1. Want the number for Lys95 to Ala139: 0.36 nm per residue separation, take away the alpha-carbon distance, what's left?
2. Evaluate E = 1/(1 + (r/R0)^6) for Glu117 and Ser81, where r is the Cβ-Cβ distance and R0 equals 30 Å; express this FRET efficiency to the nearest 0.05.
3. What FRET efficiency would be calculated for the residue pair Thr153, Ala127, taking the C-beta separation as r and a Förster radius of 41 Å, to the nearest 0.05?
4. Quote to one decimal, in nm, the extra length available between Ile183 and Val104 on full extension: 0.36 nm per residue of separation minus the C-alpha distance between them.
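What follows draws every value from the coordinates through simple rules; no lab data is involved. These numbers come from a predicted model, not from an experiment. Note: ideal-geometry Cβ built from the backbone for every residue, glycine included; neighbour counts use all protein chains shown.
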Amino acid sequence: MKSKMTVVVGLAGAFVAGMVVATALGGGMTAAGAKTREAAVQGQQVTVQGVISPTVTDEDIALLRQDIRAMKMQVIGQNMSLSNMEAEKFWPIYKHYTDELHEVNNAKYALLKQYAEMWGTMTDEDALIYVRRALEVDAEAQALRLKYVPVVTQVLPGKKTATFFQLDRRLSMMVDLQLFSQIPLAHVKE
């Protein structure tokens with residue numbers, strides 16, 4: 001149990017550190033906000049544990065995902081500079097968007113778990129099926145973003161809409177990097 005939780009905590013810590021660095025590099029943080037988040041991360045050595053194990057349970061992944069969703073919402077809120085009127089209109093749309101994205105991510109995490117479980121016995125055919133399905137899931141996430149661009153544009157001006165999708169994409173890529181860096185490449189087992 002300790003090793004499972006180490007992976008989950010390690011991923012969450014690495015995600016938070018990555019969000020702080022990426023947002024700061026993107027210029028989206030205020031100086032005070034950057035100092036506060038920097039102080040929260042300083043003193044912590046974030047290390048990402050080795051290969052994700054098939055013993056990581058669905059409950060572990062659910063907890064990690066819940067924490068990540070809360071962190072994403074906080075980072076987006078801190079970097080969007082929404083007026084009260086904009087926030088009142090934007091956050092319900094964001095909720096619908098993230099609910100739909102949650103379904104797409106369910107497929108992504110199921111695929112990750114399946115890969116982790118079959119990695120040691122994966123055939124060439126299995127590997128190709130995995131790659132195709134992973135690309136399909138990525139396309140589903142991209143299609144969802146495209147679907148929501150005109151919806152968000154109805155309640156936010158163009159630059160704020162662009163900022164939201166930039167933040168959403170960056171944060172999603174960081175989560176993907178943290179999660180998928182935990183699994184070995186298919187050829188490593190040879």
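1. Working: separation 44, 0.36 × 44 = 15.84 nm, distance 2.07 nm.
Residue separation times 0.36 nm, minus the Cα-Cα distance, leaves 13.8 nm.
2. On the way: r = 44 Å, r/R0 = 1.46.
FRET efficiency, Glu117 to Ser81: 0.10.
3. Working: r = 40 Å, r/R0 = 0.97.
Plugging the Cβ-Cβ distance into 1/(1 + (r/R0)^6) gives 0.55.
4. Working: separation 79, 0.36 × 79 = 28.44 nm, distance 1.99 nm.
The span from Ile183 to Val104 would gain 26.5 nm if fully extended.
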